[in-house]
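What follows is calculated from the coordinates using simple rules that are stated; it is not laboratory data. All of these numbers come straight from a predicted model, not from anything done at the bench. Using ideal geometry, Cβ is built from the backbone for each residue, glycine included, and neighbour counts are taken over all protein chains shown.
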Amino acid sequence: MALIKCDFYSDVLKLSTSMTVILPQQTNTQIGMQNTISATNKHQTLYLLHGLSDDDTIWTRRTSIERYVAPLGLAVVMPQVHRSFYTDMQYGNKYWTFLTEELPFVAKSFFPLSDKRDDNFVAGLSMGGYGAFKWALNLPNQFRAAASLSGVLDIVQHINRQERTDTLRLVFGNQDVSRTEHDLFSLVEKLHQSEQKPMLYQACGTEDFLYEDNIRFKEFCEKTNFDLTTKFNTGEHEWGYWDKMIQDVLSWLPLKN
């Protein structure tokens, strides 16, 4: 595998930003690694999103994601969005536009990544779990599957519970986000009859402070015909749990051999 720290300029954000990228590499003599690469010239790609307090480097620093994807021939793109909740902020930058429009274009211009829907996936943890589902449910033509680990899946309840902290006020202002493009429940309701729904994977530890929110999302989805895989097992809001569960996500993804 090739691990690339990519610094680049964003026209949307009007500043220099970064992404960390893992690219497949076929090797035969690397000790302790089983590497493979797609037979085509364009890689299947996982966009992997960070949580509230982290950045684009965190998945490589806290997990063995590079080793996990090596035998899969899967590229991984990890962007930097700060504390934006993957949203065009009311008082800040346009991270939703950056994420959904500019980032894929820039990444594919730099690296040999497939633009086919069936070859693209998105996943994340906590704030990034929310971002992954928000992206896939708003733009289902872009992703075959999406996964959330300990995600902030009930953003309406989360905002009410947090009583508009400084971060949430900067992101959402004073707007009511229920039944908007920010509300995952509303997005599921609108999309559930579509033939182009992404597969969803949801995991959360039973000791996690977001567990009840995740249960509400699961129960809501069960009323629809979404293809939802859930895993609620012992775990807290911490990296030991996420390192374990990202391996489960990779096993679940509908990757091509």
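Counting only residues at least eight positions apart within a chain, or on another chain, the lysines with an alpha carbon under 27 Å from that of LYS42 are LYS5, LYS108, LYS116, LYS134, LYS197, LYS256. Hydrodynamic analysis of segment 2-252 uses the Kirkwood radius over alpha carbon pairs. Inserted into Stokes-Einstein at 10 °C and 1.306 mPa s, it gives a translational diffusion coefficient of 87 µm²/s. By the Stokes-Einstein formula, at 0.890 mPa s and 25 °C, segment 177-244 with its Kirkwood radius over alpha-carbon pairs has D equal to 188 µm²/s. Can you pull the percent of Cα pairs in segment 169-211 with separation above 16 Å? That fraction is 59 percent.
The Cβ shell under 14 Å around ARG144 holds other residues with a net charge of -1, Lys and Arg each +1, Asp and Glu each -1.
The GluC sites (Glu not before Pro) found in segment 89-167 that occupy coil by DSSP, while having at most 15 further C-beta atoms within 10 Å, are GLU163. Here segment 140-180 yields Rg over Rh of 1.07, to two decimals, using C-alpha coordinates and the Kirkwood radius. Annotation for segment 162-237: chymotrypsin sites (Phe, Trp or Tyr not before Pro) lying in DSSP loop with at most 14 further Cβ atoms inside 10 Å of their Cβ are PHE209.
Quick note on segment 1-112: its Rg to Rh ratio, both from C-alpha atoms and Rh being the Kirkwood radius, is 1.01. Note: relative contact order over segment 2-252, using C-alpha pairs below 8 Å and six or more positions apart, is 17 percent. Counted by Cβ distance under 13 Å from THR20, the other residues give a net charge of -2, where Lys and Arg count +1 and Asp and Glu count -1.
Taking trypsin sites (Lys or Arg not before Pro) across segment 130-228, the ones in a DSSP loop with at most 12 further Cβ atoms lying within 10 angstrom of their Cβ are LYS223. Model label points for GLN247 and LYS231, set 7 angstrom from Cα along the Cα-to-Cβ axis, are 1.0 nm apart.
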